[in-house]
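Remarks on the structure that follows.
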Amino acid sequence: MRPISDVNNLIVTAVEAIYRHQVDPQSLVINQTRPEYDGQYTVVTFPLAKQLKKNPEDVGKAIGEKLVAQGSIVSSFQVVKGFLNLSLTDVYWQQVLEYMEAHPDAWKSPPRHEKVLVEFSSPNTNKPLHLGHIRNILLGWATSKILAANGFDVVRVQIINDRGIAICKSMLAWQKYAGGQTPESTGIKPDHFVGDWYVRFEEEFQKEYKSWQLSAPGVLKYEERAKGRDEATFFSEYKNTYFNEDSILGREAREMLKQWEAGDPDTIALWKRMNNWVYEGFEKTYAHLGISFDKLYYESETWQLGKEMVMEGLKKGLFYQKEDGSLWVDLEDQGLDHKILLRSDGTSVYITQDLGTAHLRYKEFGARRMVYVVADEQDYHFQALFGTLKKLKEPYADGLHHLSYGMVDLPSGKMKSREGTVVDADDLLETVKAEAHKAAADRGEITGMTEDEQNEVIRKISLAALKFFILRVDPHKRMLFDPAESVDLQGQTGPYIQNAYVRIRSILARTDGMDIPSDGYMLKEDEKRLISVVAALPDILNEAAAQYSPSTVAQYCYNLAKSFHRYYHEYRVLNAETDQARAFRIKLVTQVAHVLHEAMELLGIEMPEKM
């Protein structure tokens, strides 16, 4: 039983009976009624009135009278300026509650027998996962869970960027300066260990640049190019040119990349060793966050896959070649410009690799829908990628979606950063954990627990704080993450929702197990509203899946927890006024707890039994 669907069907049937007019069920707008009005659902009659060429209030009144006369579901109605507010019968809401109790998985959609591939995380192997990856990972994981709950067969993948000049910088720095140190010998988490050498390369590069500035060639070039500009601004603009033309370290890193591409055994051995360190570190962070992948792709294995597709497109006249030998695609017919696909020397660019990877995934999984979770700074790249695949008439080209998200900012001075600009994911996790422990200790919530119990509760609270705070924000918006605010029990936070669940579990632990029927109990308006919120999860999931927006589910969880907290403060459950009221309210809060647990699990959030 799905109340909004039932109401939708009633409206369609009523309009046809009254006006002999067929209504598209998808066109009806039905919302939950605002608290200041009677009823549980509000039907917006303006679109209907326009179709029927009648007054909105008259249409609402006619439909309301028809539904009440039927007497099966609608008990009363109210028309307020073209909005039809409907109140459903006690019997109907009791049936909804009983159905949910008998079918605990009814909120899930049946299998659609359609594959969807979700790509997320996709880090570089020259440094640890950072704050931006956290938002990426949480969005990707939650989106995959929401799609699976909507009946899709979901495949979770990532492509690891394990080659290129940035990787060689870490390798070169370790080779030159580490003196044989390893993660084991230093006790440093392996991905952090490699990241430290990437930072060390930058430090040595800066020193080299300063020395070069004082050299004869450097003085001449600097004076010629800088022309009185601010030093920091000039270096930012000139950095790549210096790296490629004058830097000794730059030359050594480029030489290492050439050796890697040529398959030099020693270079490949070092590359594998350091990448394996990073993979070990990544896995620890992923395990901490509670996420996993079905398939890993590596750039080192896919970077040339798109070349054949590009050459085939050239033969078909879909692409063109410039005088220098480079290959391009004209995307002006799709509102874009011209995009390079192969360099003049025949080497691939990122889009070339992504063309091949998309095709490979389709061959492996048959997925006609693919979701790429990547920051909004890559919006153009994915527009060009999708446009090029459409040019190639790939069978999955119309099912591609870029889940673009904004950057995450932090209150200044709150957290350390290895590079001065990027906060490591592990540092963030530890910071939130410390905030959660402090908040719980201040409230006295963990007093009396064993150390293991305390650690487990704090783990769940801290992860809920981090995940919910990030997922509650629309993905497209830039956001500010505040660790202290995220653990607040009174705000729009994960711990606030966990607290609602724990409170219900505490109530249920004190029930005597008596099975008393609730027949004959007259529901309060607040109880009808609470059931309507509980029963809305299937509709919320449909919306979240259609928009690839976990924030829709996060907002729903908060609204349900808020509705429960309000109900708990105004109504007695265990000490209800009658046995029927007690039995009904136990059933009601049981379903609230169940739905909170299931909906939060879609966001990757665990519920503790106590706090």
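One residue stands out in region 110-126 among those that are on the phi > 0 side of the Ramachandran plot and open to solvent by 10 Å² or more (accessible area, probe 1.4 Å): the one that is nearest to the chain's Cα centre (by Cα), namely S122.
Do we have E203 as free of Cβ contacts under 8 Å to residues at least 40 places away in the same chain and surrounded by fewer than 23 Cβ atoms within 10 Å (Cβ to Cβ) here? Even if it seems obvious, please write down each step before you answer.
Values: free of Cβ contacts under 8 Å to residues at least 40 places away in the same chain: yes; surrounded by fewer than 23 Cβ atoms within 10 Å (Cβ to Cβ): yes.
It is true that E203 is free of Cβ contacts under 8 Å to residues at least 40 places away in the same chain and surrounded by fewer than 23 Cβ atoms within 10 Å (Cβ to Cβ).
Among residues of region 427-444 that are under 14 Å from F481 (Cα atoms) and in contact (Cβ under 8 Å) with a residue 40 or more places away in the chain, those with a beta-carbon under 8 Å from a residue that is open to solvent by 50 Å² or more (accessible area, probe 1.4 Å) and not acidic (D, E) at least six positions away or on a different chain give the pairs L429/H288; T431/K414. When the residues of region 373-428 are filtered to those that are modelled with pLDDT of 95 or more and hydroxyl-bearing (S, T, Y), the one that is surrounded by the most Cβ atoms within 10 Å (Cβ to Cβ) is T388.
Regarding region 138-149, can at least one residue be identified that is assigned to a loop (DSSP other than H, G, I, E, B), touching a helix residue (DSSP H, G or I) at 6+ places or on another chain (Cβ under 7 Å) and open to solvent by less than 10 Å² (accessible area, probe 1.4 Å)?
Step one: list which residues in region 138-149 are assigned to a loop (DSSP other than H, G, I, E, B), which gives none.
No: zero hits.
Could you say which residue among L270, L305 is among the aliphatic types (A, V, I, L, M) and under 19 Å from E119 (Cα atoms)?
Working: L270 fails: under 19 Å from E119 (Cα atoms).
From the options L270, L305, the qualifying one is L305.
Restricting to region 20-49, name every residue that is part of a loop (DSSP other than H, G, I, E, B) and without any contact (Cβ under 8 Å) to a residue 12 or more places away in the chain. Scanning region 20-49 gives R20, Q22, D24, R34, E36. Of everything in region 460-501 that is among the basic types (K, R) and surrounded by fewer than 17 Cβ atoms within 10 Å (Cβ to Cβ), the residue that is nearest to I146 (Cα to Cα) is K477.
Checked against the criterion of being open to solvent by 30 Å² or more (accessible area, probe 1.4 Å), assigned to a helix (DSSP H, G or I) and of a type in the set (A, V, I, L, M, F, W, C), the candidates V15, V59, V68 yield just one match: V68.
Pull up region 441-459, narrow it to residues that are over 21 Å from G604 (Cβ atoms) and in a helix (DSSP H, G or I), then point me to the one that is most open to solvent (accessible area, probe 1.4 Å).
First, pick out the residues of region 441-459 that are over 21 Å from G604 (Cβ atoms): 441-454.
From the residues that got through so far, the ones that are in a helix (DSSP H, G or I) too are 441-443, 451-454.
Numbers: A441: 52, D442: 112, R443: 97, E451: 136, D452: 120, E453: 70, Q454: 48 Å².
The extreme case among them is E451.
Quick one: what pairs do we get from region 1-14, first residue in contact (Cβ under 8 Å) with a residue 60 or more places away in the chain, second surrounded by fewer than 20 Cβ atoms within 10 Å (Cβ to Cβ) and of a type in the set (F, W, Y), C-beta under 6 Å, 6+ apart or different chains? Going by the 6 Å Cβ cut-off, the qualifying pairs are M1/Y99. Filter region 248-266 down to the residues that are free of Cβ contacts under 8 Å to residues at least 60 places away in the same chain, under 20 Å from R200 (Cβ atoms) and in contact with a helix residue (DSSP H, G or I) (Cβ under 6 Å, 6 or more places away or on another chain) and list them by number. Result: G250, single match. Filtering region 379-391 for residues that are of a type in the set (S, T, Y), closer than 24 Å to L139 by Cβ and without any contact (Cβ under 8 Å) to a residue 40 or more places away in the chain leaves an empty set. Could you tell me whether region 345-366 includes any residue that is touching a strand residue (DSSP E or B) at 6+ places or on another chain (Cβ under 8 Å), open to solvent by 60 Å² or more (accessible area, probe 1.4 Å) and either hydroxyl-bearing (S, T, Y) or closer than 28 Å to L139 by Cβ (or both)? Yes; the residues of region 345-366 include at least one that is touching a strand residue (DSSP E or B) at 6+ places or on another chain (Cβ under 8 Å), open to solvent by 60 Å² or more (accessible area, probe 1.4 Å) and either hydroxyl-bearing (S, T, Y) or closer than 28 Å to L139 by Cβ (or both). The residues listed here are K169, K176, K207; of these, the one that is at pLDDT below 95 and of a type in the set (K, R) is K207. Of the helices (runs of 4 or more DSSP H) lying entirely inside region 245-340, those containing at least 2 residues that are modelled with pLDDT of 95 or more span 248-261, 265-289, 306-315. Determine whether W107 is in a loop (DSSP other than H, G, I, E, B) and of a type in the set (A, V, I, L, M, F, W, C). Yes. State yes or no: is Q40 of a type in the set (S, T, N, Q), at pLDDT below 95 and either under 30 Å from T285 (Cα atoms) or out of contact with any Asp or Glu (no Cβ under 8 Å at 6 or more places or on another chain) (or both)? Considered against the rule, which asks whether it is of a type in the set (S, T, N, Q), at pLDDT below 95 and either under 30 Å from T285 (Cα atoms) or out of contact with any Asp or Glu (no Cβ under 8 Å at 6 or more places or on another chain) (or both), Q40 comes out as no. All conditions but one from (1) surrounded by fewer than 21 Cβ atoms within 10 Å (Cβ to Cβ); (2) out of contact with any Lys or Arg (no Cβ under 8 Å at 6 or more places or on another chain); (3) modelled with pLDDT of 95 or more apply to Q51; the one that does not is (3).
Considering only residues in region 155-172 that are open to solvent by 20 Å² or more (accessible area, probe 1.4 Å) and in contact with a helix residue (DSSP H, G or I) (Cβ under 7 Å, 6 or more places away or on another chain), the one that is nearest to L541 (Cα to Cα) turns out to be R156. Identification of helices (runs of 4 or more DSSP H) wholly contained in region 482-595 with 2 or more residues that are among the acidic types (D, E) yields 525-534, 537-547. Number of residues in region 164-190 that are under 25 Å from L138 (Cα atoms) and either in a strand (DSSP E or B) or among the basic types (K, R) (or both) equals 1.
The values are calculated or read from the model by the stated rules, or taken from the named source; none is laboratory data. Not measured: the values here are computed from a predicted model. All Cβ positions, even for glycine, are placed from backbone atoms using ideal geometry, and neighbour counts span all protein chains on display. Just so you know, the surface numbers come from the protein's heavy atoms only, side chains and all, with ligands and any DNA or RNA stripped out. Shrake-Rupley method; radii C 1.70, N 1.55, O 1.52, S 1.80 Å.
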